[in-house]
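Asker: Structure below; questions to follow.
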Amino acid sequence: MADQNTARSERLLKWLQDAYAMEQEAETMMKAMASRIENYPQLAARIGQHVQETQQQAASLRECIESLGGSVPTAKGLFASVTAAIHAAGNSLMEDEVVKSVGISFGFENTEIATYRALVIAAERAAAPDIAAVCGQILQEEIAMARWLEEHQDSLVGAFLNRDETPGAQAKR
């Protein structure tokens, strides 16, 4: 039984470390996106809010990782940040950047949702209710962000198309 409990805790730790790296990537992508948004203040505000949530999530994940005797993955986090920066730079070249960014963000949020659902289950199975509660709270924040993006996609795409069809108006950002 001890071996099974150890294996469960080790799996949980690895998944928490992966989630930490994912949040580092998310923060890099969202900061880059927020810094370029010019004509969509509601989107910029919500992205800014989620950057703050993401920073708190990473701090909470760090505490969970350390409570299991682990450390945050610096190399993986650095790789994720570099990958996110390259991805964000590529998005900035698109003529419909804001529309594509909303879609990419929605997909990323749903990946995070799946990750945190798995973490809640793994934490419960590893008899780590405090970690399950932290991951459950983060899960709710990710669901809220995905829902916001979904609920505002129509108006954001509509605003983009209106700006795109208006002579002299910049729609891209």
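Asker: Please verify whether ALA123 is of a type outside the set (Phe, Trp, Tyr), part of a helix (DSSP H, G or I) and free of Cβ contacts under 8 Å to residues at least 24 places away in the same chain, treating the condition exactly as stated. Outline the logic, then answer.
Answerer: Details: of a type outside the set (Phe, Trp, Tyr): yes; part of a helix (DSSP H, G or I): yes; free of Cβ contacts under 8 Å to residues at least 24 places away in the same chain: no.
Considered against the rule, which asks whether it is of a type outside the set (Phe, Trp, Tyr), part of a helix (DSSP H, G or I) and free of Cβ contacts under 8 Å to residues at least 24 places away in the same chain, ALA123 comes out as no.
Asker: Within the range 2-19, how many residues are farther than 12 Å from GLY70 by Cα and crowded, with 20+ Cβ neighbours inside 10 Å?
Answerer: 1
Asker: Could you go through the range 29-38 and let me know if any residue there is closer than 12 Å to ILE131 by Cβ, in contact (Cβ under 8 Å) with a residue 60 or more places away in the chain and surrounded by 15 or more Cβ atoms within 10 Å (Cβ to Cβ). Before the answer, list the steps.
Answerer: Taking the range 29-38 and keeping what is closer than 12 Å to ILE131 by Cβ, we get none.
Looking for residues that are closer than 12 Å to ILE131 by Cβ, in contact (Cβ under 8 Å) with a residue 60 or more places away in the chain and surrounded by 15 or more Cβ atoms within 10 Å (Cβ to Cβ), one finds none in the range 29-38, hence no.
Asker: Further, regarding this structure: With β-branched (Val, Ile, Thr), part of a helix (DSSP H, G or I) and either on the phi > 0 side of the Ramachandran plot or modelled with pLDDT of 60 or more (or both) as the only criterion, which of ILE86, ILE65 stands out?
Answerer: Of the residues listed, the single one that is β-branched (Val, Ile, Thr), part of a helix (DSSP H, G or I) and either on the phi > 0 side of the Ramachandran plot or modelled with pLDDT of 60 or more (or both) is ILE65.
The values are calculated or read from the model by the stated rules, or taken from the named source; none is laboratory data. It should be emphasised that the depicted structure is a prediction, and the values quoted were computed from it without experimental measurement. Note that we place each Cβ from the backbone using ideal geometry, even for glycine, and neighbour counts take in every protein chain shown.
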